[in-house]
1. If ALA65 satisfies all but one of (1) over 18 Å from the mean Cα position of the chain (by Cα); (2) crowded, with 16+ Cβ neighbours inside 10 Å; (3) more than 20 Å from LEU148 (Cα to Cα), what's the number of the condition it fails?
2. Conditions: (1) among the basic types (Lys, Arg); (2) at pLDDT below 95; (3) under 16 Å from the mean Cα position of the chain (by Cα). ARG126 meets all but one. Number of the miss?
3. Which residues, counting only those in segment 91-103, are crowded, with 16+ Cβ neighbours inside 10 Å and either out of contact with any Phe, Trp or Tyr (no Cβ under 8 Å at 6 or more places or on another chain) or closer than 16 Å to GLY37 by Cα (or both)?
4. Across segment 117-154, which residue is nearest to VAL79 (Cα to Cα) among those that are in contact with a Lys or Arg (Cβ under 9 Å, 6 or more places away or on another chain) and among the charged types (D, E, K, R)?
5. What is the residue count in segment 139-154 for residues that are in a helix (DSSP H, G or I) and either in contact (Cβ under 8 Å) with a residue 24 or more places away in the chain or of a type outside the set (A, V, I, L, M) (or both)?
6. Would you confirm whether or not segment 89-109 contains a residue that is of a type in the set (A, V, I, L, M, F, W, C), within 16 Å of the chain's Cα centre (by Cα), over 13 Å from CYS149 (Cα atoms) and outside any helix (DSSP H, G or I)?
Amino acid sequence: MNPSLRNRLVVAGIAAAVPLVAGFEGLRQKAYLDPVGIPTACFGTTAGVRMGQTYSLEQCENLLAAELLQATGAVSRCVTVPLNSNQRTAFTSFVYNVGPQNFCGSTLVRKLNAGDYAGACNELPRWTYAKGVELPGLIKRRAAERQLCLSGVS
């Protein structure tokens, strides 16, 4: 990973999100169709991906870092209450997967901003569908994000 991007992730406090996101997304350097038919590459990147494209490992790592920075930016913009590092990591992973608009307009964020941390974390398992199809990988991912989110919540 580009050292300056890695440093930005550390400064942003989301370096812990890299293994979480990368572990659930997996690395595929050649564009493929995800389970619901969206062209995808690298660590789950969809923006601008066209079938037939290939990416170097460095390109994939840089896309991951840049998209994580965008995801944590959305968390910072939409969440008005303090978050611990585990919550920030869980929500950054979540935003990376569902997108900023879905996150910012969600019941999860309304509960979070009302101070209902446990209620917000418990919203995560509701997000296991893509185009109406429940995906086993999303069930596992949301369970891990929820567990991380609830760490330190009283």
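1. Exception for ALA65: condition (1).
2. (2)
3. Within segment 91-103, THR92, TYR96, ASN97, VAL98, PRO100 meet the criteria.
4. Going through the qualifying residues, I end up with GLU123.
5. 10
6. No: zero hits.
The rows are residues; the columns are (1) surrounded by fewer than 18 Cβ atoms within 10 Å (Cβ to Cβ); (2) in a strand (DSSP E or B); (3) modelled with pLDDT under 95; (4) in contact with a Gly (Cβ under 7 Å, 6 or more places away or on another chain).
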| position | (1), (2), (3), (4) |
| --- | --- |
| LEU5 | yes, no, yes, no |
| ARG8 | yes, no, yes, no |
| PRO19 | yes, no, yes, no |
| TYR32 | yes, yes, no, no |
| VAL36 | yes, no, yes, no |
| VAL81 | yes, no, no, yes |
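The values are calculated or read from the model by the stated rules, or taken from the named source; none is laboratory data. For clarity, every value in this text was computed on a predicted model and none was experimentally measured. Cβ atoms come from the backbone with ideal geometry, glycine included; neighbour counts cover every protein chain shown.
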